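The values are calculated or read from the model by the stated rules, or taken from the named source; none is laboratory data. This structure is a prediction, so every number in the text was calculated from the model and none was measured. Positions of Cβ are backbone-derived with ideal geometry, glycine not excepted, and every protein chain shown enters the neighbour counts. Calculation scope for accessible area: heavy atoms of the full protein, side chains included, ligands and nucleic acids excluded. Shrake-Rupley method; radii C 1.70, N 1.55, O 1.52, S 1.80 Å.
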Amino acid sequence: MQFLVVTGQHLSDSTSGQRRWWSSADYLAALTQFRQWEREVQEQGFVLIAEVAGHPGPEELAAAARNLTLTSSTVMRSALGPALATAYAQIDVPIPHMTATTYADLNAQKYLLLQMLDGAPLSGADLMLLRGLVDFLNAIQDRASYAGVPDAVVWPNVPFGVAVEQETQLVGTQAERMTLLLQRGQS
């Protein structure tokens, strides 16, 4: 498997040949390259890591880099420039089905959050009710992803698929370097 890092100043760069790409069989090297290009991403730009199965040659990697989209299933981690992210964030996303009970729960959850902000301790039952709020937020994020909003907008700076496994392994074997790379993405 190869890890392909692709960046461009605009999504249309694939047709004009302006995308840059880099590949490695080493995920840590790919993540390092991703972080470097992430710091340089333009307003309408993007950078992503994708996995390419097998042992692709340079021509296959170049074709993969040209054809990759932000919502491709092989994308493992991505970052978008603010203008591009804003454009995708404006996709109309339907909210999950709501019932009278759902609205009542949302109201109770809102007041629990306000109590928390005021420093009030919460009971176990209160915490369970807040878990429902997390489930509701997750449903909204899932619907946005299904509607075509790239994962970099829905879940910024979160790895996907094979990247999760790779980063978990690296935290155990190269903790200091991995911590530094992950912190760069938080700032």
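Do we find a residue being without any contact (Cβ under 8 Å) to a residue 40 or more places away in the chain and not in a loop (DSSP other than H, G, I, E, B) anywhere in the stretch 40-57?
As a first pass, look at the stretch 40-57 and keep what is without any contact (Cβ under 8 Å) to a residue 40 or more places away in the chain: 40, 42, 45, 57.
If we keep only those that are not in a loop (DSSP other than H, G, I, E, B) as well, we get none.
Looking for residues that are without any contact (Cβ under 8 Å) to a residue 40 or more places away in the chain and not in a loop (DSSP other than H, G, I, E, B), one finds none in the stretch 40-57, hence no.
Give me the residue from the stretch 118-133 that is assigned to a loop (DSSP other than H, G, I, E, B) and open to solvent by less than 50 Å² (accessible area, probe 1.4 Å) and, out of that set, modelled with the highest pLDDT.
Result: Ala120.
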Check your understanding: Among the residues of the stretch 81-88, is there at least one that is surrounded by 14 or more Cβ atoms within 10 Å (Cβ to Cβ), touching a helix residue (DSSP H, G or I) at 6+ places or on another chain (Cβ under 7 Å) and modelled with pLDDT under 90?
Key -> yes
Review point. When the stretch 140-157 is examined, which residues are found to be in contact (Cβ under 8 Å) with a residue 24 or more places away in the chain, part of a loop (DSSP other than H, G, I, E, B) and either out of contact with any strand residue (DSSP E or B) (no Cβ under 8 Å at 6 or more places or on another chain) or among the basic types (Lys, Arg) (or both)?
Key: Ala147, Gly148, Val149
Check your understanding: For Ala62, all conditions in the list (1) surrounded by 15 or more Cβ atoms within 10 Å (Cβ to Cβ); (2) within 20 Å of the chain's Cα centre (by Cα) hold save one; what is the number of the exception?
Key -> (2)
